[in-house]
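Please treat every number below as a calculation from the coordinates, not as lab data. These numbers come from a predicted model, not from an experiment. Cβ atoms come from the backbone with ideal geometry, glycine included; neighbour counts cover every protein chain shown.
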Amino acid sequence: MGAGRRHGWLWGDRVGKEPDEDRFRAYRHASLYLTIPLLLAVSPFVGYFLGRFLDRVFHTGETLSLVFLALGFVAGGRETYRMLQRVSREDRAAREARDRRNRDRMDRKDGA
């Protein structure tokens, strides 16, 4: 064994290779997709309780509770849509970068 060679469970055969981008992207997507149900559930609750507080302050019955509940649903849906658009945009950019790298590798290989 050479003194400069790293081996074992810590380094494995990943020495000198690019990090596994797909794995990290999958973890990122999983975390974003797991926040969607939480976002859709919490937003209406926050809206309802904010409206309920304002109902008590302004003595408006349950009017503001219902208005802010509806606004909570809208806000949760809007943020979910924006989150999905952002993930889609990042995916597209990562795919284009990967395709560009693969084309560059093939061009170098053909030129060599």
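I want to make sure I understand the PRE zone here: with the label point 7 angstrom from the Cα of Ala41 toward its beta carbon, which residues in the range 75-109 have backbone N atoms less than 19 Å away?
75-81
So how do Glu79, Glu62 line up by other beta-carbon neighbours within 10 Å, fewest first?
Least to most surrounded, the residues fall as Glu62, Glu79.
Report the net charge of residues surrounding Ala26, where surrounding means a beta-carbon distance below 12 angstrom and charges are Lys +1, Arg +1, Asp -1, Glu -1.
-1
Going by how many other beta carbons lie within 10 Å of each one, how would you line up Asp55, Asp20, fewest first?
Fewest-to-most ranking of Asp55, Asp20: Asp20, Asp55.
Counting Lys +1, Arg +1, Asp -1, Glu -1, what net charge surrounds Tyr48 among other residues with beta carbon under 14 Å of its beta carbon?
Taking every other residue near Tyr48 into account, the sum is 0.
In whole angstrom, note down how far apart the Cα centers of the range 22-50 and the range 61-112 are.
The range 22-50 and the range 61-112 have Cα centres spaced 13 Å from each other.
Under 15 Å from the Cβ of Leu66, count the other residues' Cβ atoms, weight Lys and Arg +1, Asp and Glu -1, and hand me the total.
With Lys, Arg at +1 and Asp, Glu at -1, the neighbours total 0.
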